[in-house]
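Scroll down for the structure; my scribbles are underneath it.
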Amino acid sequence: MVPRVPDEGVSRADLHCHSWASARSRLGVQRAVGLPECATPPAEVYALAKRRGMDLVTITDHDSIEGVLAIAGQGDVFVSEELTASFRGEPGARVHVLCWGITLDDHAPSPEPPRRSPISALPLA
Ligand SMILES: [Zn+2]
């Protein structure tokens, strides 16, 4: 669920950012040397977003909502994640799908990341 913004005009939000919850990089160079995709604490991601003028804040960590849940107590935060998926019959061709405004029930932890949900299994809005 996405919080309402009092002003009905334009709202700003960075819809693709990470926190330390993206501990395992999906980027080739960083992954090759064992660096995380992001090492920034969620509270710092929130503070930076507000300093940069965002009305709403979310964090889209890889297959995790742990980072965004750490700041979910703020009234202007909505829960999101960057889901790893693949096309049916093409398990090696992974894609990342940004899922915004999800609930805790929408996020089902997988036993072993990355979750590889077939694209055809994702609900259509
Ligand atoms: Zn990303």
Determine if segment 31-46 includes at least one residue that is within 14 Å of H96 (Cβ to Cβ), modelled with pLDDT under 95 and buried (at least 22 other Cβ atoms within 10 Å of the Cβ).
-> no
From the residues in segment 1-30 that are more than 16 Å from the ligand (Cβ to nearest atom) and either touching a Cys at 6+ places or on another chain (Cβ under 8 Å) or charged (D, E, K, R) (or both), which one is modelled with the lowest pLDDT?
-> D7
If you take the residues of segment 63-112 that are within 14 Å of the ligand (Cβ to nearest atom) and more than 12 Å from the chain's Cα centre (by Cα), which of them is modelled with the lowest pLDDT?
-> R94
Tell me, which helices (runs of 4 or more DSSP H) lie completely within segment 15-98 with 3 or more residues that are under 28 Å from P3 (Cα atoms) and without any contact (Cβ under 8 Å) to a residue 24 or more places away in the chain?
-> 42-51
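The values are calculated or read from the model by the stated rules, or taken from the named source; none is laboratory data. Computed from a prediction, not measured in an experiment: that's the story for all the values here. Methodologically, a virtual Cβ is constructed for each residue, glycine included, from the backbone with ideal geometry; neighbour enumeration extends over all protein chains shown.
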